[in-house]
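The values are calculated or read from the model by the stated rules, or taken from the named source; none is laboratory data. Since this is a predicted model, take the numbers as computed values, not measurements. Backbone-built Cβ (ideal geometry, glycine too); neighbour counts: all protein chains shown.
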Amino acid sequence: MTMRYQNKTVILADVVGVEDAEELLGMLQKYPTAKLDMEACTHVHTACLQVLMAVKPAVKKWPEVPVLAHWLRLALKQ
Amino acid sequence: MSVNSLLEQFITEGREFLQAISVSLMALEENPGDQELMTELFRHVHTLKGNSGLFDFPAMTRVLHAGEDLMDSVRHGRVQFNVSIADALLDAMDFVSHLLDEVDAAGSLDSSNDAQALALSHMLRALLPAATVAVVTSDALVAEPVPTQLSVRDRLCAIVPSVQAQLLKVSEDTRREMFLWAKKGQPLIWVHYQPEAECFFKGEDPFFLAMQTPGFSVAGIHNRTPWPALEQLDAYRCELQFGGISSASRAELEDYFRYVPEQVELIELPALLMVLPSGDENGGPVYEDFVVEALNLLERGDVAGLRRVTSSLLEFSSPALWLSSALRWLLVLLEEPPAELFVLRALIQSVQSLTPPDWLQFLQNHELSVGAVATEFGASAEETPPEDPILELAPARRKALQALLQAQGSILALPVDAGFEGRMRAATTTLLGCTKTVGLDSERDLLEQASSTAREQKNPAPMQAWVARFAHRCGIAMPATVVPNALQTLSPVAHPVTPVQAAAVVVPTEPVVVVVPTAAVPEPVPPPASTPVVPVVHEAAPPVALVAEVIAPSVVAPAPAESAALQDEHVAARRNSKPEDTHAQSAKTLRVDQVKIDRLMNLIGEMVVAKNALPYLANRAENQYGVRDLSREIKVQYSVINRIAEEMQDAIMQVRMMPVSFVFQRFPRLVRDLSNKLGKEVQLVLEGEETEADKNIVEALADPLIHIVRNSLDHGLELPEVRRANGKPEKGRLQISARQESDHVTIEITDDGRGIDATVIKRKAYQNGLISEERLEQISDQEAINLVFLPGFSTAETVTDLSGRGVGMDVVRNAIQKVGGTLQLNSVLGQGTRLRLSLPLSMAVTNVMIIESAQQIFGFPMDVVVETVRLPRQRIKYFKQHATTVLRDKVIPLFSLNTLLALDTPQVANDQNELALLVLRMGQEQVGLLVDAFRETTDIILKPLPGVLSGLHGYAGSALLGDGSVLMVLDHKELF
């Protein structure tokens, strides 16, 4: 399960692929105050990345992969 | 379908497309206005490009893409079709064909082709009208256009502000590493990657691609346009762009981004741009003192002192401060070898103002100094002349000198008028004084040279250039306004340069920052980003649609009138096309490997042989077992099987048949190219292209025919002026026609050129020692003409690259004879030449006549048998020792087969003392062959003799007969 909503948090895990982009957008729209937990996430497809950039949810946990975390921080300006 | 078979199919189809493209191009040259042809041509290029996109051949796709864009412009009337476009496209298609060969041979493409691909695609794009750039493509299917008419330096200046802002996102440590890296002579390249909006549909993941960029430090991930309200956000339109700095080499980056070269901009950055202090700007009151002290130390050239002062201040400051950051940079700059004085000064002064030095301004004002900076920081260390050091001058002197130089600069910048000469002299004198003062005598000659050039040309530029150079050597910054032209004169890269040129630019003496544009910043060429919609649409189509097109290339055949509406339909069609849609369109033709057909061929051969055993069986049933009814039934069954087998054989032969157009289709191009090269005007007429023959025969025809056509063009047809003088139309006529005559295909190559001069041939043949003097006297003109088929014969006085090497017609004749064909040459001097090739329809099944001699059976191909005669012994006459007979008023030489085969038995006559005489055709003549008895004729599959036996003289091959025995088939040409 790459994406789920739990405890007011959108949790992303493993590789979030291009096909998940619309679902992610929908989820973030449905729960506008949700926080983002990307700890177990290993890669985010560009399409999902730009959804995150457009929505700018508050990030609770950054990915464990340092490079990905660095890039995401830069992209999400947090 | 496996990738491999897909690739094979692509190669086969690719060749067909290339052929079709070149045919259409040639037709278009005749009829430039033909919309239908134009559309067809576009579609071919378009499809081929799309197909190539399925594989890992970026070089091929790029060239085809450029070709497609060009064709699209032509199709929409933005460019007039002309010969240069045709030439360019033909060249490009040759290149693609070469790539296909390489793929076929190696299975992949070497990256060595990339450069040529780029050059070709630029060449094609150069033919696009400038207006195309302005053609706004529909919404944002394509990436936003990159500014086009900017010089490299302008481009650098244009991006630097945003780059600088983004660079702050890169950590100071990383930037320091980059800076030190650059100092070692490595380039720093700014990578701006802007994926196209539709890239997700092509399966791309730009984020991933950007992350994996070699040596990359990301600086910015941005959206191109502000994000819309979430409800309107289209997650599948890529809006992002990536920026960052890479320490990898340009070649490495170009290779890495080879699939998206038009979306990536690579700009070499001056290392100085890395020097950006950042941090907390508040705190520490002691800056003023430090700045004063540091500047003093700097003026005195006390690098060690400066380093010490900087270090100690750094120790007292919090590392997070902006000041500390600046100090750390200062230390980096002071590392051996220390940076330029003014660079250090600028950085120290920035500590005072707490704003980072405006390196951009700095770069612009110190156009020449930039070179020095680049040198100092390693970008082009080897290129700096060692005798050009920056002078260390006392501040007061420097100031005075600066004032003088600036004054001279203003004088030089005045418009050219009557007083120009005098001003130049005055300025020269002043400047000569300056050189003397600072002790730069080496500059005097250069100055005088510049001065005289300036006066001659009435152009102050050389002088301005000198002033700029001199100022640089004295470490003086000149305002850009004073030396405007000088900048242009001095820095070759400041001129608009085409990307291709720029890629090769090695700035020889000027240590100017060399900023080489990438493919994404073409100058006179429109940027790929703003090319018309269709190609992009195509790329956006999902792979499935491409496969559909592979299978049915003619699915989208737009009528000319529809072409405008085509684009939208295209998109819709592609989007909607699902795999199941393609089934209905796919199964009309079948591509089968030739090996499979050959196997069928062999099997039917065995079937024929097996079937032929039935009559033997019937005979045995009747004679040996006396069951007559069974014998009859077997015969009835045999006739049924025989009919089916024959039909089957015929059907399989049909499969192997292919039209001679396979060979003919290459002639229009060949004739076009050759006639252009030779300066001749030729009208090529092709007839009967649909005539079919066995694949092997048609393929065997290719080389001989090309040779013949070349000969006709080179030797046969005359130059237009000669033709006019001889009362012929200027345009020569070369006709190649094919037709089927019973079981033969006849091909005639006719030209209306100068014909073959029999006397010249005779003389040449005699001179080359090909015929004896005696024969020279006797030989008829027709025989003389046939001498051209002798090995080593050449009439040409000089060897050209087209023909004249004496390996020609004999090779042609051998090739034709090898497939069982004959050829006949006729020529009338001054009127033309006709060469007639006669080829069997198929080589697979041979009809042979079986004869008996010395109690063995032998076969003779039926096509050489003229007749069979029972010859009474008394009609054999002897001329000297040689037996002859007169048959239908013709003298026919007689040979005994037993003698020819060295069998030690005389030929056997029948009861009436008649011998069996087989009359054979030998070229133009007839020969009689005495044998013992005639048997039936039969169809056999002739197999060449295998292994050791293949060296056996006199045999064409062997075949299996119905009763299982082996028939040796004789080769009459080798027998006598």
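Which residue, of B:L900, B:L887, is within 60 Å of the chain's Cα centre (by Cα) and either within 20 Å of B:E974 (Cβ to Cβ) or touching a residue at least 40 places away in the same chain (Cβ under 8 Å) (or both)?
B:L900
Working only within the stretch B:849-867, note down all residues that are out of contact with any Ser or Thr (no Cβ under 9 Å at 6 or more places or on another chain), under 14 Å from B:V927 (Cα atoms) and surrounded by 15 or more Cβ atoms within 10 Å (Cβ to Cβ). Outline the logic, then answer.
Start the filter on the stretch B:849-867 by keeping residues that are out of contact with any Ser or Thr (no Cβ under 9 Å at 6 or more places or on another chain), which leaves B:852, B:856, B:858, B:860, B:864, B:866-867.
Remaining after also requiring under 14 Å from B:V927 (Cα atoms): B:860, B:864, B:866-867.
Those that are out of contact with any Ser or Thr (no Cβ under 9 Å at 6 or more places or on another chain), under 14 Å from B:V927 (Cα atoms) and surrounded by 15 or more Cβ atoms within 10 Å (Cβ to Cβ): B:F860, B:V864, B:V866.
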>> Restricting to the stretch B:200-211, name every residue that is at the interface with chain A (Cβ under 9 Å from one of its Cβ atoms) and either farther than 25 Å from A:M27 by Cβ or surrounded by 14 or more Cβ atoms within 10 Å (Cβ to Cβ) (or both).
In response: B:F200, B:E204, B:D205, B:P206, B:F207, B:F208, B:L209, B:A210, B:M211
>> Can you find, within the stretch A:27-59, the residue that is nearest to the other protein chains (Cβ to nearest Cβ) among those that are of a type outside the set (S, T, Y), exposed (fewer than 15 other Cβ atoms within 10 Å of the Cβ) and more than 22 Å from B:D205 (Cα to Cα)?
In response: A:Q29
>> If I filter the stretch B:50-72 down to residues being in contact with a Ser or Thr (Cβ under 6 Å, 6 or more places away or on another chain) and in contact (Cβ under 8 Å) with a residue 60 or more places away in the chain, which single residue comes out as nearest to B:S121 (Cα to Cα)?
In response: B:V63
>> Residues that are in a helix (DSSP H, G or I) and of a type in the set (S, T, N, Q): does the stretch B:726-746 have at least one?
In response: no
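Please give the strands (runs of 3 or more DSSP E) falling wholly within chain A in which 2 or more residues are among the hydrophobic types (A, V, I, L, M, F, W, C) and touching a helix residue (DSSP H, G or I) at 6+ places or on another chain (Cβ under 9 Å). Break it down into steps so the answer makes sense when it comes.
Details: elements: A:3-6, A:9-16, A:35-44, A:59-61.
Counting at least 2 such residues, we get A:9-16, A:35-44.
Among B:L440, B:L401, which is part of a helix (DSSP H, G or I) and touching a residue at least 12 places away in the same chain (Cβ under 8 Å)?
On the way: B:L440 fails: part of a helix (DSSP H, G or I).
After ruling out the rest, the residue left standing is B:L401.
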>> Every residue in the stretch B:633-654 that is closer than 15 Å to B:L841 by Cα and either surrounded by 15 or more Cβ atoms within 10 Å (Cβ to Cβ) or at pLDDT 85 or above (or both), please.
In response: B:Q649, B:A651, B:I652, B:M653
>> For the stretch B:56-85, give me each residue that is surrounded by fewer than 19 Cβ atoms within 10 Å (Cβ to Cβ), part of a helix (DSSP H, G or I) and among the small types (G, A, S).
In response: B:S84
>> I need the full set of residues from the stretch B:695-725 which are in a helix (DSSP H, G or I) and among the acidic types (D, E), in order please.
In response: B:E699, B:D703, B:D714, B:E721
> Looking at B:E718, B:E730, which is the one that is among the acidic types (D, E), crowded, with 17+ Cβ neighbours inside 10 Å and more than 32 Å from the chain's Cα centre (by Cα)?
Replying inline: B:E718
> Considering only the stretch B:438-473, how many residues are surrounded by fewer than 13 Cβ atoms within 10 Å (Cβ to Cβ), at pLDDT below 75 and not charged (D, E, K, R)?
Replying inline: 2
> Are any residues in the stretch A:66-78 more than 10 Å from every other protein chain (Cβ to nearest Cβ) and either at pLDDT 90 or above or under 17 Å from B:T213 (Cα atoms) (or both), and if so, which ones?
Replying inline: A:P66, A:A69
> If we scan the stretch B:611-618, do we find a residue that is modelled with pLDDT of 85 or more and charged (D, E, K, R)?
Replying inline: no
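Take the stretch A:2-26 and flag every residue that is within 11 Å of another protein chain (Cβ to nearest Cβ) and of a type in the set (G, A, S). Write out each step before concluding.
Restricting attention to the stretch A:2-26, the residues satisfying the condition of being within 11 Å of another protein chain (Cβ to nearest Cβ) are A:15-26.
The answer is A:G17, A:A21, A:G26.
Between B:D757, B:D801, B:D810, which is closer than 30 Å to B:L942 by Cα and at pLDDT below 85? Spell out the reasoning first.
Numbers: B:D757 fails: closer than 30 Å to B:L942 by Cα; B:D801 fails: closer than 30 Å to B:L942 by Cα.
Going through B:D757, B:D801, B:D810 in turn, the sole match is B:D810.
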>> Any residue at all in the stretch B:32-45 that's in contact (Cβ under 8 Å) with a residue 40 or more places away in the chain, farther than 28 Å from B:L686 by Cβ and among the polar types (S, T, N, Q)?
In response: no
> Is there a residue being buried (at least 16 other Cβ atoms within 10 Å of the Cβ), touching a Leu at 6+ places or on another chain (Cβ under 6 Å) and within 14 Å of chain A (Cβ to nearest Cβ) anywhere in the stretch B:251-273?
Replying inline: no
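Residues checked against (1) of a type in the set (V, I, T); (2) farther than 30 Å from B:G727 by Cα:
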position	(1), (2)
B:M809	no, no
B:R813	no, yes
B:I816	yes, yes
B:T822	yes, yes
B:L825	no, no
B:L829	no, no
B:S838	no, yes
B:L841	no, yes
B:I850	yes, yes
>> Residues that are charged (D, E, K, R), touching a residue at least 24 places away in the same chain (Cβ under 8 Å) and touching a strand residue (DSSP E or B) at 6+ places or on another chain (Cβ under 7 Å): list the strands (runs of 3 or more DSSP E) wholly contained in the stretch B:920-976 that include at least 1 such residues.
In response: B:933-941
>> For the structure I just gave you, tell me whether B:L37 is within 18 Å of B:S121 (Cα to Cα) and modelled with pLDDT of 80 or more.
In response: no
> Do we have any residue at all in the stretch B:872-880 that's buried (at least 18 other Cβ atoms within 10 Å of the Cβ), hydrophobic (A, V, I, L, M, F, W, C) and in a strand (DSSP E or B)?
Replying inline: no
>> Could you check the stretch B:394-424 and list, in sequence order, the residues that are exposed (fewer than 11 other Cβ atoms within 10 Å of the Cβ) and under 18 Å from B:F342 (Cβ atoms)?
In response: B:A394, B:P395, B:A396
>> Which of the numbered conditions does B:S246 fail, given that it passes all the others? Conditions: (1) within 14 Å of chain A (Cβ to nearest Cβ); (2) surrounded by 16 or more Cβ atoms within 10 Å (Cβ to Cβ); (3) of a type in the set (G, A, S).
In response: (1)
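May I ask you to list the residues in the stretch B:212-241 that are touching a strand residue (DSSP E or B) at 6+ places or on another chain (Cβ under 8 Å) and either of a type in the set (A, V, I, L, M) or facing chain A (nearest Cβ under 9 Å) (or both)?
So the first thing to find is which residues in the stretch B:212-241 are touching a strand residue (DSSP E or B) at 6+ places or on another chain (Cβ under 8 Å), and the list is B:213-224, B:239-241.
The answer is B:V218, B:A219, B:G220, B:I221, B:H222, B:N223, B:E239, B:L240.
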